Amino acid sequence: MIAIANLPQAERLPVEEVPHRQTDIPGVTESLRVCRKCNRSYKVLALNRVVLTSGYCIPCFETLFPDKCRDEARDFRDKKFLERCPPLYQQCDPQKLPNASKFDEVMAWRRGKKGLVLIGSSQKGKTRCAWAKVKELYVEHGVGFEAVSDLQFGHQITNYGRSATLGEWTEKLCRTPVLFIDDLGKSVPTERFVSELQNIVEERVSYFKPIIVTMQITGKEWAQKLASRSGSDIAEAIINRLKAHCEVIQF
Ligand SMILES: [Zn+2]
């Protein structure tokens, strides 16, 4: 995670001085150095027989230069975030939103026992604001997250069927520090959809793990989509449960 070239005390040392061994990557060898602080051995990599090292093992380096490590970790998360957030939502300029004050309300939410529900008609910037919040939590504070849209959720449920992989996936959605569900209620859910979602919501609510949700429709409207099919009561109950355990921001 620490970019060796950016270390404040990086030194170039001729690798011939110490024994080294070839790694799987051409030109890259591995050898051991002794930490200047704790005197323990630590592994260093050399590229084309030149090794770059701070002279300290990672635990000592983190103790000596905590700010540097935080920056490096932040940069790493920033890159990771771009891989996980759809390009459309990677940037959020509050001035370009229909109502900039809603952005402030979202950003003022603090992660705690209660989640966050952003509700309102389309094109109001709900998803954009939610992603901005997820970005802040993850990139600035290192809070892990999982994000899934209503449609993706439905597809995954269908694709996994009743395989064990479905259980692993829903387990991940239950345990992640922050779960973001985008555009809940967009699809006409299957009975399986609502029952899996109910389990996730109940599990998270009982462990005080926050959920961030954007949605355009009310619980009643979502239930109506299911008409007389089974699951319609559960659909409405899920939305009511979410609202009871989340701060609601009307867009
Ligand atoms: Zn050390």
Next on the checklist: If I ask for residues that are more than 7 Å from the ligand (Cβ to nearest atom), of a type outside the set (Gly, Ala, Ser) and in a loop (DSSP other than H, G, I, E, B), which ones from segment 25-36 would you list?
Outcome noted: 25, 26, 36
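For segment 37-63, what are the residues that are assigned to a loop (DSSP other than H, G, I, E, B), more than 8 Å from the ligand (Cβ to nearest atom) and crowded, with 16+ Cβ neighbours inside 10 Å?
54, 55
I'm trying to understand the selection: among the residues of segment 91-120, which are farther than 30 Å from residue 206 by Cα and surrounded by 10 or more Cβ atoms within 10 Å (Cβ to Cβ)?
Of the residues in segment 91-120, the ones farther than 30 Å from residue 206 by Cα are 91-101.
91, 92, 93, 94, 96, 97, 98, 99, 100, listed by residue number.
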Item to check | Residues located in segment 140-178, provided they are touching a residue at least 40 places away in the same chain (Cβ under 8 Å) and crowded, with 17+ Cβ neighbours inside 10 Å | outcome: 147, 153, 178
Item to check | Every residue from segment 101-128 that is basic (Lys, Arg) and in a loop (DSSP other than H, G, I, E, B) | outcome: 110, 111, 113, 114, 124
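Would you check if there is a residue in segment 144-152 being of a type in the set (Gly, Ala, Ser) and in contact with a Pro (Cβ under 7 Å, 6 or more places away or on another chain)? Before you say what the answer is, go through the steps one by one.
Quick first cut of segment 144-152, residues of a type in the set (Gly, Ala, Ser) only: 144, 147, 149.
This time we only want the ones that are in contact with a Pro (Cβ under 7 Å, 6 or more places away or on another chain), so: 144.
Yes, there is a match, as at least one residue in segment 144-152 is of a type in the set (Gly, Ala, Ser) and in contact with a Pro (Cβ under 7 Å, 6 or more places away or on another chain).
Each value in this text was obtained by applying a stated rule to the coordinates, not by laboratory testing. Because the structure is predicted, anything quoted here is derived from the model rather than measured. Positions of Cβ are generated from backbone atoms using ideal geometry, with glycine treated the same way; all protein chains shown enter the neighbour counts.
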